[in-house]
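Dropping a structure here in structure tokens format, bear with me for questions.
The values are calculated or read from the model by the stated rules, or taken from the named source; none is laboratory data. Small disclaimer: the values here were computed from a predicted structure and weren't measured. So basically every Cβ, Gly included, is an ideal-geometry build from the backbone, and we count neighbours across all protein chains shown.
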């Protein structure tokens, strides 16, 4: 596992160094295809490997957490998180005594239900997928944070359903967040401040207080329409380029007799420029 | 209370959740408790026999220790070496942000503008 996980890093580095040199020695057609395929494969493998390496470290640590589903750390700091594992329990929930003592009995049930939901729905997989997609398409750089927030909301909704009390779920979140916030104000080396973009607690509390989420068929339809439009436009752009190229060729071949050597040269040049532009 | 107190409103309780809940109660109170103490603490949501059998399961798993008292046992949460691993993990989590995507935390950031909202919520619910 350890060696395999590092392989994409090594291959990527090798490709970056040796790529240009290899390009000179290979037949151009094979070279172009081979180099692009290798680079794309490497980019994806690189992102996957980084993620797997993190998961691997976490799992190795988790194996030492014992057999209990809930692991309590006897520490005053306010902390709670879920660790995915591959055994039949699906993971461990780690909570500090500081967190347990901050919450009321009912609020603790919310916390347990929230973390259990993360493990049961394998939310780390959704987050990993979002990370990989963002690596493949850098325009989607905001996607991981959005998915992060959504999986938190998902777990919140699950906890609200398990305890059958949205207000209680909101209160548990508020109390834990305020206590953790208060703790961060005190200078202590053990509690570093961590911020995850827009996955703010305030939005989650507001959503819980706003009532059961409504179905949004209009938004779903809009997303689907946008996706379809994106796919169609890609196909259309490809067809368009081909058409323009054909037109240019037709134009060039239509008057072969009356053309002078200079005009022929000019047409050649224009076609080359056009083709060059279309390809880039 | 209700006739069937151990059933959640949706008639389902994730397996192991009961054990988690009672273990959390023992840790939160920080003092040895009898099954009756635990039952009082959680507001009699569970039947006495359920509390007792759950505590026995926790004892068999080595997650709690117990001492004989009167006709039954009094339970204390067990500290084991897993505690240190968990502590190490928390430290790793604070240092490495990429772990944040793998480990799912209960609460993360709290923007200043949200602080007041949360405080109002708690005051409104818990105030006199």
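Please determine whether any residue of the range A:72-79 is modelled with pLDDT of 80 or more and over 27 Å from residue B:29 (Cβ atoms). Can you show your working first?
Restricting attention to the range A:72-79, the residues satisfying the condition of being modelled with pLDDT of 80 or more are A:72-79.
Right, trim to over 27 Å from residue B:29 (Cβ atoms) and you get none.
For the range A:72-79, residues modelled with pLDDT of 80 or more and over 27 Å from residue B:29 (Cβ atoms): absent.
Looking only at the range A:62-81, how many residues end up being farther than 19 Å from residue B:16 by Cα, out of contact with any strand residue (DSSP E or B) (no Cβ under 6 Å at 6 or more places or on another chain) and crowded, with 20+ Cβ neighbours inside 10 Å?
Total satisfying the criteria: 1.
Residue pairs, Cβ under 6 Å, 6 or more apart or interchain, first in the range A:59-79 and at the interface with chain B (Cβ under 7 Å from one of its Cβ atoms) and at positive phi, second crowded, with 20+ Cβ neighbours inside 10 Å and in a helix (DSSP H, G or I). List them.
Listed pairs, sorted by first residue: A:66/B:82.
Then there's this: Considering only residues of the range A:100-111 that are over 26 Å from the mean Cα position of the chain (by Cα) and closer than 18 Å to residue A:152 by Cα, which is surrounded by the fewest Cβ atoms within 10 Å (Cβ to Cβ)?
Filtering the range A:100-111 for residues over 26 Å from the mean Cα position of the chain (by Cα) gives A:100-110.
Then keep just the ones that are closer than 18 Å to residue A:152 by Cα; that gives A:107-110.
Values: A:107: 20, A:108: 24, A:109: 25, A:110: 27.
Across the range A:100-111, the extreme among qualifying residues is A:107.
Specify which of the listed residues (B:68, B:77, B:32) is away from chain A (no Cβ under 12 Å) and either in contact with a helix residue (DSSP H, G or I) (Cβ under 8 Å, 6 or more places away or on another chain) or crowded, with 16+ Cβ neighbours inside 10 Å (or both). Can you show your working first?
Values: B:68 fails: either in contact with a helix residue (DSSP H, G or I) (Cβ under 8 Å, 6 or more places away or on another chain) or crowded, with 16+ Cβ neighbours inside 10 Å (or both); B:77 fails: away from chain A (no Cβ under 12 Å).
The match here is B:32.
Can you name every one of the helices (runs of 4 or more DSSP H) wholly within the range B:35-128 that holds 1 or more residues which are at pLDDT 85 or above and under 30 Å from residue A:144 (Cβ atoms)?
Details: elements: B:35-41, B:48-60, B:82-95, B:112-126.
Output list reads B:112-126.
If I filter the range A:137-166 down to residues being without any contact (Cβ under 8 Å) to a residue 40 or more places away in the chain and crowded, with 19+ Cβ neighbours inside 10 Å, which single residue comes out as nearest to residue A:205 (Cα to Cα)?
Out of the qualifying residues, it is A:151.
Here's something else I'd like to know. Of the residues B:30, B:16, only one is within 20 Å of residue A:104 (Cβ to Cβ) and at pLDDT below 90; which? Talk me through it step by step, then tell me what you get.
Values: B:16 fails: within 20 Å of residue A:104 (Cβ to Cβ).
Of B:30, B:16, the one residue that is within 20 Å of residue A:104 (Cβ to Cβ) and at pLDDT below 90 is B:30.
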